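Below is one structure, written out as structure tokens; the observations come after it.
The values are calculated or read from the model by the stated rules, or taken from the named source; none is laboratory data. Worth saying up front: this structure is predicted, and the values here are computed from it rather than measured. Here the Cβ positions follow ideal geometry from the backbone for every residue, glycine too, while neighbour counts run over all protein chains shown. Just so you know, the surface numbers come from the protein's heavy atoms only, side chains and all, with ligands and any DNA or RNA stripped out. Shrake-Rupley method; radii C 1.70, N 1.55, O 1.52, S 1.80 Å.
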Amino acid sequence: MTLLELNNVSVHYGRIQAIHDMSFTVEEGEIVSLIGANGAGKTTTMKTISGLLNPSAGTIKFMGEDITKMKAHIRVVQGISQAPEGRGIFPAMTVLENLDMGTFGRKDRTGVPEDLERVFTLFPRLKEREKQFGGTMSGGEQQMLAIGRALMSRPKLLLLDEPSMGLAPQFIRQIFKIVTEINGQGTTVLLVEQNANQALARAHRAFVLETGAITHSGTGKELLANPAIKEAYLGVG
Ligand code: ATP
């Protein structure tokens, strides 16, 4: 089943056009990666899907329903949850309180303890630090907390904006491993990354974004093997 469908989406910041006529789909059960350089439009795409930005043209469908004009908080209830770039956790709240914020708007409160257990199993570190303030955690731990919080709404589609940004190499490997694990548990993932190697290796399908438009698409393996992509994004000629 097609979970997410973008059709000819354009996004403007005032008169600046950041996304040009973008179309792609995410099928249920997939990990789809969107790779691209700084300023290519990755974050803009994610914010448009989560409803923080409105497209100037085109449509977005989620499970067949047109959500182009749907408010962001309703999209969360419908099953789209975003772990934002820069993490966006609440520094003066404890880990547990941060995770609880992720359940806002949830109707099935009875499922919350189960999901908390799932998050603590994925990230034992968060369990150890449940009473610690978010702002005192390391970068890697805050990233785990942001992903954990996004999972607390039990999303059908998890949007991850640069989960590896600013992390030490051992955390980068761990985060990508956990993304695969989350996907294996049945959550569809759309991942935006500058770390193209890992993002392509983990993806079922991927797209390359250049100045607001998709220039390449294929399976993760196909794009990893593409000489033009190797040269531009994988640091090998
Ligand atoms: P990064 O990896 O740096 O986050 P990105 O691929 O996510 O890059 P976007 O942040 O989506 O790129 O930016 C896409 C384009 O839109 C860039 O040219 C950027 O300068 C422009 N842009 C982003 N935010 C704004 C804004 N608030 N006002 C004006 N232009 C913006």
- [ ] Report yes if Ser164 is farther than 17 Å from Glu30 by Cβ, away from the ligand (no atom under 16 Å from the Cβ), at pLDDT below 95 and not in a strand (DSSP E or B), otherwise no.
- [x] no
Task: Lone qualifier among Ala225, Ala196 - being open to solvent by 60 Å² or more (accessible area, probe 1.4 Å) and either acidic (Asp, Glu) or farther than 23 Å from Val9 by Cα (or both) - done: Ala225
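The rows are residues; the columns are (1) among the aromatic types (Phe, Trp, Tyr); (2) open to solvent by less than 50 Å² (accessible area, probe 1.4 Å); (3) within 25 Å of Ile147 (Cα to Cα); (4) within 15 Å of the ligand (Cβ to nearest atom).
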| position | (1), (2), (3), (4) |
| --- | --- |
| Gly14 | no, no, no, yes |
| Ser33 | no, yes, yes, yes |
| Gly39 | no, no, yes, yes |
| Ile60 | no, yes, yes, no |
| Gly64 | no, no, no, no |
| Ile67 | no, yes, yes, no |
| Ala72 | no, yes, yes, no |
| Gln78 | no, no, yes, no |
| Arg87 | no, yes, yes, yes |
TODO: Just name the residue that is nearest to His216 (Cα to Cα) out of those in region 17-31 that are within 12 Å of the ligand (Cβ to nearest atom) and open to solvent by less than 10 Å² (accessible area, probe 1.4 Å).
DONE: Met22
Open item on the list: Considering only residues that are of a type outside the set (Asp, Glu) and open to solvent by 70 Å² or more (accessible area, probe 1.4 Å), which ones fall in region 97-108?
Closed with: Met101, Phe104, Lys107
